Amino acid sequence: MIRAVLVDVLGFLSVAILVYYLLVNGIYLLVYSSSLLELRTSLREDRWEPAYSRFSSPFLPEVAIVVPAYNEAPIIADSVQALLDLNYSAKEIIVVNDGSTDDTLDVLTATFDLEKTAAPVPIDTNSERVRAVYRAPRIEELTVIDKVNGGKGDALNAGVWLSDAPLVCALDADSLIDREGLLKAVKPFLRDPTRMVATGGTVRVANGCEIDDSQVTAVTTADSFLPGVQEMEYLRAFYAGRLGYSRLEGLILISGAFGLFRTDLVREIGGYNPGSVTEDFELVVRLHRHLTERNIPYSVDFVPEPVVWTQAPGTWGALARQRRRWFRGLIDTLVRERDMIGNPRYGRPGLFAMPAYVLTEVLGPLIEGFGYVLIPLAIALGALDAGFFLLFLAVTMGFGVLLSWFGVLVEVWGFRRYTEPTDVLVLLAHGVFENMGFRQWKAFVAWHGLLEYVRGDSEWGEMTRQRFTASEDAATRTDEAD
Amino acid sequence: MTPPLPSLTTFELLGWVLVGLLVAVVAVGYVAVGLSVRGKREDRRIEAVEDSIRTELLDRLGRDEPAWGTWLDGLSRRERDVLETQTDQYLRLLTGSDRDRLHDLATRLDAGQRIEQPLATGDRIDRLGALSWLALLDHEVDVDRLVEHCSDDPAERAAVGRVLYEHREAIDGAASIGTRLLTSAGTTLPMYGTDTLFRLNQTDPTPLLTTCASQRGDWTVDLLAQALETLTYCDPAGGDAPIEWVLDCLDCESPAVREAALGVVGTYGWRAELREGVDVERAVNDPVPSVRRAAYREFSAWNDETVQVLVGAAATETDDRARLLLARELSGRLREVTERLPPGIAACLDWAEAEEAAKAR
Amino acid sequence: MPPHILLADDEVQIRQLLEFKLQGKGFEVTVVDDGAECLDHLEGPDELPDAVLLDVMMPQVDGFRALETIRDTLSEELPVIMLTTRSREPDAIRGLENGANEYIEKPFSPDEVIARVERHLQ
């Protein structure tokens, strides 16, 4: 009797999972074909260069680059120098020392001859207390804010509130930004100055690259497996994911590693939420909410050119920690903004992008993990045919590989930063491993993240004061695989 | 008990899906690797000729008689493409006699012919590319034809405006035609458009002032704000250009327009009809902080009477950014006038002075 | 001995063009592609060049900072000609205040650059 019920339940669940897979893969197909269209448009648009010098125009918007720094002493001087070197004539660099316990501030002071402004900041910075503001007399573009620790979102807020620039760029201290990257990310704002509210750049993995003066000078694949497979993962997430969401006017995630926003709007919605562990995702979702609720026409664009390079975690432990945090943050934001999900009032983000995220990013890895436990059980109990399951597994993995390889194709077709064909072969191989092994591991990590989220609900106090550490934030968010 | 075998059709279907997927995967992989190999080969071929082409180009550029024709006849397709790219780069970098010689070269290259063809075709990107070349070259310009074929889209209007600007010496009324064209749709301009509008009006904004005076009713507030901002960057126009209309903009519903209009009031403060028509009190009491900030910025350079109004406003200002701006603009005068400053403004003044002191060191 | 010019610019087209033109006029030219290299060269064991052509927007050390270092520590007389794509007034003022001899905006005429270099060599 019990066995019969169990068989029925398992049989039903198997069908449910099958239906779910069809739905999710339908979404992927839609997003990926949109990516292709978007890439084609973007590459065509790039063939044309206006006959004027942007840098000598009085209309070039000033950009404040805000770099939160918590215990970044070893890298901070090089990072700041790389930002000063950016090819963009109207920029301001605001480093926010978020109560570091190492000598981040001393390193900055010594390297750039900083001088303390001898008065308390007279404006409300919407953050923990600002201890002092430092300026570099010989480098007008540079400002350093020294404040009490409040987490990454809080540090970003201090910079956003102190700046007078119309655009603000949030950047991780250890991201390597392409010298032309800022201009590329600003271009959508130049094309459509009144409607554009945010742009996000493509983030790539720097682990295998040659780096000189904080600039990526030669792009090759990483030597070891874990960064290598993440390299592949980022290509897929950005080129087969966000590029398509952007085409569908539903881009709801801009990486914390590099995002450009209209300053007044970020202030209007209260800035970053210091209590969120994925403040980047949270901010963009709230931006969509704010603008759609007020019926303000707007645009959020994705910049397909590689703009920023990040160091991917090199150990399974660090990577698992990072991904659990992303997963927690994802659920947290979606739960908080749940009334937007599926709600036509919130336009494409509400009607399409957020439900798609719930299905693919949240439920995807959870259901997959569930399936890996459930299906062998079903086979053992005779509720499911083993041959059928293997075939089904082959199809899902085949589809996964197709999507991964598609990311590689976009890179080669559009950008060809990996100049050697052998590197392309390595990427393709990683595309196979990503779907056989890595993805299954991520399903397990997602369940662990869910567990943490549920536990964290009762320990909210700890969550609100989440510090960000160099190792965990070394990489940016990518969309989770399936 | 045998497991409930899914019907054969489902099985078969999955099998076919798998086959289809494998074909697609192989195809994607093949194309990716193929493109990579082909791209690398092409890179190498271009690299091989780049240096020699550049050396030859620079050498001939230095001669009085570059004899482009004889050189071009001996070049391969790829070499001509490389040369075209380099010519485009140098055209954007150079002025003077070198640029004149480059004009001659560009006209002989395919670029010269490409300018002609695409204007009539339906492809927007080709037209934009042609217009960029046209702006860089001293080709003869048929204004009516340009306006007829290339005024559907904001980028194209900007590009035509740029051609007019670059050829302004040869075209009668280039600034007026360009200004009217750029604002004809009445909607927001891209930066290429605002910058072109600025260049056309930079030394004499009479065309822009005239167009604003008569046409602004048909524009979106965003375009009006852009036009006003443009005026603040241009040199001031002579005494007979229409300016009173700016006063109407100070009453506009859009804060962006009010803010930009205050900028123009600042630029044209020397015109009595504007100076006397401005309601300073009202501007410094605007409900929107960014408009008040613009008012403080512009009026702080005016006479003592206006400054008194600003000092009064400082006492009641609630926006901390606006207070800071007032403190920076008025600095010492604030201390002179009032003995007891409200704490908010006093803190701003301390800050502004500390900044000044740091700068002076 | 021909006059020696140090040329610092990160744009390869400009470097190659000016190097070619200057050599054509009989100058000896040393080319560097960022401000740090420019200072390294000037602070090195060799004699100071006869003039420096300095781009404003360069990696590592920008043109203004390089100029300040030259004026503060190396030479007050060394002719320095600044090249820049920026055309906003404060930049020109800053360059001239800090002791640049000339301030030339891109796009420029190479013949004019050479004429100005020659003027300062006399």
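The values are calculated or read from the model by the stated rules, or taken from the named source; none is laboratory data. Keep in mind that what you see is a predicted model, and the values were worked out from it rather than measured. When we count neighbours, we look across all protein chains shown, and the Cβ atoms used for this are built from the backbone with ideal geometry, even at glycine. Note: areas computed on protein heavy atoms with side chains; ligands, DNA, RNA excluded. Shrake-Rupley method; radii C 1.70, N 1.55, O 1.52, S 1.80 Å.
For the reader, a short list of remarks on this structure follows.
- For the range B:204-278: Kirkwood Rh in Å [reciprocal of mean 1/r, alpha carbons]: 12.0 Å
- Given charges at Cβ of Lys, Arg, Asp, Glu: the range B:303-361 dipole, positive-most of B:ALA354, B:PRO342, B:VAL309: B:ALA354
- Signed unit charges on C-beta, dipole axis of the protein assembly as shown, positive-most listed residue C:VAL113, C:ALA100, A:LEU114: A:LEU114
- Inter-chain neighbour count for A:44-50: the average number of beta-carbon atoms from partner chains within 10 Å of each residue's beta-carbon is 6.
- Counting only protein heavy atoms and using a 1.4 Å probe, the accessible area of C:MET58 comes to about 10 Å².
- Projecting the Cα positions of A:VAL335, A:PRO355, A:GLY317 onto the charge dipole of the range A:313-373 (unit charges on Cβ atoms of Lys, Arg, Asp and Glu, taken about the Cα centre) puts A:GLY317 furthest along the positive direction.
- Average beta-carbon neighbours from other chains, 10 Å sphere, peptide A:122-129: 3
- Net charge of Cβ neighbours under 15 Å - reference A:ALA16; Lys, Arg +1; Asp, Glu -1: -2
- Compactness of the range B:81-220 - radius of gyration and Dmax, Cα, Å: 15.4, 49
- For the range B:11-33, a drop of 20 Å² or more in accessible area on going from the chain alone to the assembled protein chains (1.4 Å probe) is found at B:PHE11, B:LEU14, B:LEU18, B:LEU21, B:VAL25, B:VAL28, B:GLY29, B:ALA32, B:VAL33.
- Area buried, chain A against chain B - accessible surface, total, 1.4 angstrom probe, square angstrom: 5300 Å²
- Of the listed residues A:ARG345, B:ARG258, the order by accessible area with a 1.4 Å probe, largest first, is A:ARG345, B:ARG258.
- The residues of the protein assembly as shown expose on average 40 square angstrom of accessible surface per residue, using a 1.4 Å probe on protein heavy atoms.
- The protein assembly as shown - convex hull of alpha carbons, volume per residue in Å³: 193 Å³
- Mean projection of the Cα convex hull over all viewing directions, computed for the range B:303-361: 4.0 nm².
- Debye intensity ratio in log₁₀ form over the Cα atoms of the range A:179-277, taken at each q of 0.11, 0.16 Å⁻¹: -0.44, -0.88
- Among B:ASP110, B:ASP222, the order of accessible area from largest down is B:ASP222, B:ASP110, computed with a 1.4 Å probe on protein heavy atoms.
- Percent accessible area from carbon and sulfur atoms, chain B, protein chains only, probe 1.4 Å: 50 percent
- Dipole magnitude of the protein assembly as shown about its Cα centre (Cβ charges: Lys, Arg +1; Asp, Glu -1), debye to nearest 20: 3300 debye
- Overall Cα dimensions of the range C:1-83 - principal axes, largest extent first, Å: 32, 28, 19
- The C-alpha atoms of chain B define a longest principal axis, and helix B:124-136 lies at about 70 degrees to it.
- Interface area, C with B, accessible, probe 1.4 Å, both sides summed, Å² nearest 100: 1200 Å²
- Stokes-Einstein D for chain A, Kirkwood Rh over Cα pairs, 20 °C, 1.002 mPa s (µm²/s): 92 µm²/s
- Plainly put, the range A:262-379 has a radius of gyration that is 1.04 times its Kirkwood radius, both from alpha-carbon atoms, as the Rg/Rh ratio.
- Of the beta bridges in the protein assembly as shown, as assigned by DSSP with both residues counted there, near 30 percent are antiparallel.
- Within the shell of other residues whose beta carbon sits under 11 angstrom from the beta carbon of B:THR203, the net charge comes to 0, with Lys and Arg scored +1 and Asp and Glu -1.
- Counting Cβ atoms of other protein chains within 10 Å of each Cβ in B:322-331 and taking the mean gives 1.
- Using a probe of 1.4 Å, the accessible surface attributed to A:ASP213 totals some 80 Å² when neighbouring protein chains are kept in position.
- Nearest-10 value in Å² for the accessible area of B:TRP71, using the 1.4 Å probe: 30 Å²
- When each of the peptides B:155-161, A:148-154 is scored by how many other beta carbons lie within 10 Å of its residues on average, the order from highest to lowest is B:155-161, A:148-154.
- Note on surface exposure: A:TYR372, A:TYR88 rank A:TYR372, A:TYR88 by accessible area, highest first, 1.4 Å probe.
- Ranked by how many other beta carbons lie within 10 Å on average, peptides C:70-76, B:289-295 from highest: B:289-295, C:70-76
- Counted by Cβ distance under 13 Å from A:LEU291, the other residues give a net charge of +3, where Lys and Arg count +1 and Asp and Glu count -1.
- Peptides ranked, highest mean first, by Cβ atoms within 10 Å: ranges A:100-107, A:185-192: A:185-192, A:100-107
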